[in-house]
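**Q** Would you mind keeping the following structure in view while I ask a few things?
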Amino acid sequence: MLKKVLIANRGEIAVRIIRACQELGIEAVVAYSQADRDSLAVRLADESVCIGPAAPSRSYLNPPALISAALITGCDSVHPGYGFLSENAYFAEICAQVGLVFIGPSPSAIRLMGDKAAARQTMKRAGVPVIPGSDDVLKSAEEAQELARVIGYPVLLKAVAGGGGRGMRVVQDESELVRAFATARAEAEAAFGQGDLYMERYLTGMRHVEIQVLADAYGHAIHLAERDCSVQRRHQKIIEEGPSPQVSPALRERMGNAAVAGISSIGYVNAGTLEFLLGRDGEFYFMEMNTRIQVEHPVTELITGIDLVRWQLLIASGERLTLNQKDVIIRGHAIECRINAEDPSRDFLPSAGEVEFYLPPGGPGVRVDSHLYGGYTPPGTYDSLLAKIIVWAESRDEALARMRRALGECVITGVTTTMSFQHSLLSEPDFQSGEFDLGFLPALMERRRGQSL
Ligand code: MV4
């Protein structure tokens, strides 16, 4: 069993990992930047090490600082959380080279899934449905043009090094393609230092449904059903839920089996998530795989009763995954709201300042994952996530009522948050019916913009 973990992250996920360590009797050391001296993670950890200045490039994104922190404090392992270096194959490799267990998949799995075109090909070969598109990187605009004629417009140009919606360009017809190809390539080169592109048919009216997976180092892999993340604004998830209102038990089994076949084909180890687009007729297509623990993992934890971060630690310790597929039983419904320090009335502009007063919601079926406390000033340098409120209830309707109640109870003063916006979304008929797709939130924002003018 691991004895001492360096947490190479901050905020609520650092707190979440500390909690899992404590319950397993593993010591937790938190690496923190100068901007995070007063963080809750520093207070809760067994030990803490300052790794550098506020700028992420000099702290949470700086492998030498993190590796030294782990070695100086006698850690045997590193948990990267999400974001920062969590999907950096080079960092995972360096950890292994200095004898630190990276709590996540192998460097080669991270690298393979980080190349979005290679990930797509790998899944296709394993029998996972993918969106019609290119079998490889596009070599030229001419090649793109020929291919687009075959798959049909509209098409989407995606950056091989992108992901999460970064570096994508919709092309409506042939007249746009040559220019779009050049711009997308230049943008990808500037953003990722890698300009390679691939192509897919652009699908509309789809939902974002993702399958959680777990696998151990002995070839045993299972899925833990889906989360529906179709309520997004500019690729930022606003509300997530599970199970998806549009996924039947039969479809869940088909998607889950596809996900397990996909990860088994690459010998994937630890927790991961396969993102799919799901259409109205139940057709689904692999988009990309995230090789980390995700922000919305508590949704899965509440509907399965399985502690994902605990399993990450156990699997990295070399323990067997003692859960079988038949042990994964979906019960009830969970919804998560990400509470951000942003002002919805000002186009979600980040809101800075001291949290004067913090009263989290409680009561039956309510979980709060947060690093907040009264008097805390969230550093402006990092993302604006303040808290995740996650509710569980037997049915979706009860979960909706519970989330409305929880958001109503929660008090955060001093900064503007997204809570009231999410509260209003829960009352939207289209959200309540469960019959929404990725177009729901953009369309709603457009309608509301019209009303306020
Ligand atoms: C797509 C798509 C439509 N067709 N690919 C955005 C995030 C990244 N994982 C891929 N994304 C999309 N890929 C094809 N071929 C639409 C999206 C997309 C989207 C996906 C999930 C959640 C929100 C989204 C918002 C806009 C576009």
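**Q** Just the residues that are hydroxyl-bearing (Ser, Thr, Tyr) and within 14 Å of the ligand (Cβ to nearest atom), please, taken from the range 259-284.
**A** The initial filter retains those residues of the range 259-284 that are hydroxyl-bearing (Ser, Thr, Tyr), namely 264-265, 268, 273.
Residue satisfying the conditions is THR273 alone.
**Q** Mind counting the residues in the range 374-395 that are more than 18 Å from SER351 (Cβ to Cβ) and either in the same structural domain as ALA54 (by TED's automatic domain parsing) or more than 21 Å from the chain's Cα centre (by Cα) (or both)?
**A** Adding up the residues that qualify gives 3.
**Q** Considering every residue within the range 242-258, establish whether at least one is within 19 Å of the chain's Cα centre (by Cα) and more than 16 Å from the ligand (Cβ to nearest atom). Show your work before the answer.
**A** To start, the set of residues in the range 242-258 that are within 19 Å of the chain's Cα centre (by Cα) comprises 242-244, 255-256.
With the extra rule that they be more than 16 Å from the ligand (Cβ to nearest atom), the set shrinks to 243, 256.
Yes, because at least one residue in the range 242-258 is within 19 Å of the chain's Cα centre (by Cα) and more than 16 Å from the ligand (Cβ to nearest atom).
**Q** Please specify each residue of the range 140-153 satisfying the condition of being surrounded by 15 or more Cβ atoms within 10 Å (Cβ to Cβ) and in a loop (DSSP other than H, G, I, E, B).
**A** Listed by number, the list holds a single entry, TYR153.
**Q** Here is a list: ARG125, ARG149, ARG166, ARG179. Which entry is away from the ligand (no atom under 11 Å from the Cβ) and either closer than 26 Å to ALA259 by Cβ or touching a Gly at 6+ places or on another chain (Cβ under 8 Å) (or both)? Don't jump to the end; show me each part of the working.
**A** Numbers: ARG149 fails: either closer than 26 Å to ALA259 by Cβ or touching a Gly at 6+ places or on another chain (Cβ under 8 Å) (or both); ARG166 fails: away from the ligand (no atom under 11 Å from the Cβ); ARG179 fails: either closer than 26 Å to ALA259 by Cβ or touching a Gly at 6+ places or on another chain (Cβ under 8 Å) (or both).
None of the other options fit; the residue is ARG125.
**Q** Restricting to the range 328-351, name every residue that is β-branched (Val, Ile, Thr) and assigned to a loop (DSSP other than H, G, I, E, B). Quick ask: steps written out before the conclusion?
**A** In the first step, residues of the range 328-351 are kept if they are β-branched (Val, Ile, Thr); the result is 328-330, 335, 339.
Selection gives VAL328, ILE329, ILE330.
**Q** Next question, about the same structure. Please find, among ALA119, ALA55, the residue that is more than 16 Å from the ligand (Cβ to nearest atom) and either in contact (Cβ under 8 Å) with a residue 12 or more places away in the chain or farther than 25 Å from MET199 by Cβ (or both).
**A** Values: ALA119 fails: more than 16 Å from the ligand (Cβ to nearest atom).
Matching residue, one of ALA119, ALA55: ALA55.
**Q** State which residue pairs qualify: first residue within 15 Å of ALA217 (Cα to Cα) and inside the range 94-110, second residue among the basic types (Lys, Arg) in any location, beta carbons under 8 Å apart, and separation of 6 or more residues or different chains.
**A** GLY104/ARG292
The values are calculated or read from the model by the stated rules, or taken from the named source; none is laboratory data. These numbers were taken from a predicted model, which means no experiment stands behind them. Backbone-built Cβ (ideal geometry, glycine too); neighbour counts: all protein chains shown.
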